[in-house]
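A short write-up of the structure that comes next.
The values are calculated or read from the model by the stated rules, or taken from the named source; none is laboratory data. Predicted, not measured: the structure shown is a model, and the values here were computed from it. When we count neighbours, we look across all protein chains shown, and the Cβ atoms used for this are built from the backbone with ideal geometry, even at glycine.
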Amino acid sequence: MRTATHHPLITAPCNLWPGPRPTSSPVLPSGSRRPRRGALVVRAAVVVEQEAKTKISLVRIGTRGSPLALAQAYETRDKLMASHSELAEEGAIDIVIIKTTGDKVLDQPLADIGGKGLFTKEIDEALLEGRIDIAVHSMKDVPTYLPAGTILPCNLPREDVRDAFICLTVKSLAELPAGSVIGTASLRRQSQILYRYPSLKVVNFRGNVQTRLKKLNEGEVQATLLALAGLKRLNMTENVTAILSVEEMLPAIAQGAIGIACRSNDDKMATYIASLNHDDTRLAVACERAFLETLDGSCRTPIAGYAHRDSDGNCVLRCLVASPDGTRVLETSRKGLYALDDMVAMGKDAGKELLSKAGPARYESSQHLENFLAVFVDFCDRENQKEKSTKAGRDRLRGGLQDVTSLPWKLCKVHHGQWLPRSACCA
């Protein structure tokens, strides 16, 4: 008799042969052969695999692969599952990781490798090509002009907009000794730090949150600034030395907000994600991005802005534009109704004011012209006009660019505010 044994899923002992052990093999039909045990296992595995492959996800979420980006994608997934019963089933939502240019190039400042769109371009391409159904972005990374064929109908509730100061030796920026090195990849942070503390030194500091904290611990820099929203989403606030008020450090446009995009012709996905929209956040982001759009800002331009609802229910908007070295900082503010049209108008009006105050001098440095040339050539390359761009672009810029009305309209619309006065472009 076979001895009793335990199976991990059975609590009481059992015999593998429940009755008397057969004395001979069972009789098979004439001409048939006993199936091999291994063959049965293989066939079963194949059936399971085929069933898994036939189960198609209802929603494919595209995201970057950083821990913070994944945390935002999982937050989106959880909200979709809670709001739509059909999406709560196992396998209904799939998360697709997409590597962006900003993830691949980590040894250069953001401004030197293209500015806005560095963390969204490849994800938007996957969306348009049908490889994903929705795209989850940090709104501060989203260019002011969305790719044709896409819409962004949803902002999740905004996290804390403030920046966190992180240092192993002192408790505030003001306590750092002259010459101390602060690491940041943000020109917005750099300009505001140098404006208030010109004796400090700021260096380029790229990488995800964990990488930057590791570099800080290894002594590459004395301090760094990170978005408090990201630290909260990653449950890493124990690393915070101090939280900077918005008066000390005005946030990036749309900092702390998550945006969810889909194809403009995909009504089903638009309905799914629109149900998650947080209206107060969406209006505040629209106000700030209207300001940004008026300035045609990017990662090459130190721009900050924050719109919020005050205790009376009104919208208060604070805006800033600066030179990267912090020698010049221009600020303005607006107050009005917390309603879309009013808030967009406030953002645009604030942008026009600061654009006028900044004047042409903001764009006259030779370095800015070189940057403009690089973007111009790159744009024309993508439009299969490399020869024309080289001849028309280089000659005109080297000769002193006064009138750019003959340049491609799209280029002027997207890029001229970074280096050229609006009066010289798209008039």
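A single entry from Ala178, Ala254 fulfils the requirement of being among the small types (Gly, Ala, Ser) and within 21 Å of Met139 (Cα to Cα): Ala254.
Taken over segment 322-354, the criterion of being of a type in the set (A, V, I, L, M), out of contact with any Lys or Arg (no Cβ under 8 Å at 6 or more places or on another chain) and either within 29 Å of Pro153 (Cβ to Cβ) or not in a strand (DSSP E or B) (or both) is satisfied by Leu337, Ala339, Leu340, Met343, Val344, Ala345, Leu354. Taking segment 180-212 as the range and being touching a Pro at 6+ places or on another chain (Cβ under 9 Å), of a type in the set (Gly, Ala, Ser) and either within 22 Å of Thr237 (Cβ to Cβ) or in a loop (DSSP other than H, G, I, E, B) (or both) as the test, the residues that pass are Ala185, Ser186, Ser199.
All conditions but one from (1) within 18 Å of the chain's Cα centre (by Cα); (2) surrounded by fewer than 20 Cβ atoms within 10 Å (Cβ to Cβ) apply to Gly305; the one that does not is (2). Residues in segment 205-238 that are surrounded by fewer than 17 Cβ atoms within 10 Å (Cβ to Cβ) and either in contact (Cβ under 8 Å) with a residue 40 or more places away in the chain or of a type in the set (S, T, N, Q) (or both): Gly207, Gln210, Thr211, Asn217, Lys232, Asn235, Thr237.
Each row is one residue, and each column tells you yes or no for (1) at pLDDT 95 or above; (2) crowded, with 22+ Cβ neighbours inside 10 Å; (3) within 20 Å of Arg64 (Cα to Cα).
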| position | (1), (2), (3) |
| --- | --- |
| Cys154 | yes, yes, yes |
| Ala164 | yes, yes, no |
| Cys167 | yes, no, no |
| Glu175 | yes, no, no |
| Ser180 | yes, no, no |
| Tyr197 | yes, no, no |
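Pairing residues of segment 120-131 that are at negative phi and without any contact (Cβ under 8 Å) to a residue 12 or more places away in the chain with residues that are of a type in the set (A, V, I, L, M) and part of a helix (DSSP H, G or I), at Cβ distances under 6 Å and at least 6 apart in sequence or on separate chains, gives no pairs at all.
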